[in-house]
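Just below is one structure, and these are the notes that go with it.
The values are calculated or read from the model by the stated rules, or taken from the named source; none is laboratory data. As the structure is a prediction and not an experimental result, all values here were calculated from the model. So basically every Cβ, Gly included, is an ideal-geometry build from the backbone, and we count neighbours across all protein chains shown.
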């Protein structure tokens, strides 16, 4: 009975977001993220396996270790979708690093381009907006992001457990420290099928980074990510970023 009530609440939230989204569609191509912390982990994966998941029109970034899997989760005190009221929100997405399809975000020190494999959020308005832009985003009301104490070293735990949609269940756990290295950053996440593509470009004027996290990733072997890594886990991402930023703006565009 409790599960049924939870599912009903989830779908009620989606229905409300649908009505609000229709009223604000003209202004909803931009999303503002404020007062955020994030974790990003990067690990090598088999290039052929990654190639099978990314349309051929996108060029993979790969080296002798393989293609690059990117796992990102960001928690914000305010997420403003278009002109809707800002609410706390969290996003969690996984992708494969690609070469820039449009010539933006080409500096590897201040930008990245990723092809989206999965996207989950606890913001119904954001999930609706992305699905309207053809991104297979899923709503996860129980998406968790925790770190304590505030001043590191801190224990980080985050989990994605959507009830519906194609995003797999996964979680990360480990130790992070306070970021202090400032830089601008542009993160382009892409999704495309056939002749069209969606670009989610998040411009962050200043983000603080730390590169000394010790975090592992866990998922089921039968998920799209589990099959890609050939395992239930990534033990301590070989490359990781703990980030903190005041504001970032995501612009969503669909072409053609």
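On the basis of being within 18 Å of residue 142 (Cα to Cα) and modelled with pLDDT of 95 or more, does residue 86 make the cut? Explain how you work it out, then say what you get.
Values: within 18 Å of residue 142 (Cα to Cα): no; modelled with pLDDT of 95 or more: yes.
When the stated conditions are applied, residue 86 does not pass them.
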Assess whether residue 150 counts as being at negative phi and touching a strand residue (DSSP E or B) at 6+ places or on another chain (Cβ under 9 Å). no
Starting from residues that are buried (at least 20 other Cβ atoms within 10 Å of the Cβ) and in contact with a helix residue (DSSP H, G or I) (Cβ under 9 Å, 6 or more places away or on another chain), keep the ones in region 28-42 and report whichever is farthest from residue 206 (Cα to Cα). 28
Strands (runs of 3 or more DSSP E) wholly in region 63-177 with at least 2 residues that are more than 17 Å from the chain's Cα centre (by Cα) and touching a residue at least 40 places away in the same chain (Cβ under 8 Å) - which ones? 170-176
Failed condition for residue 140, given (1) touching a helix residue (DSSP H, G or I) at 6+ places or on another chain (Cβ under 7 Å); (2) at negative phi; (3) buried (at least 17 other Cβ atoms within 10 Å of the Cβ), with all others met? (1)
Check region 239-256 and report whether any residue there is touching a helix residue (DSSP H, G or I) at 6+ places or on another chain (Cβ under 8 Å), in a strand (DSSP E or B) and in contact (Cβ under 8 Å) with a residue 40 or more places away in the chain. yes
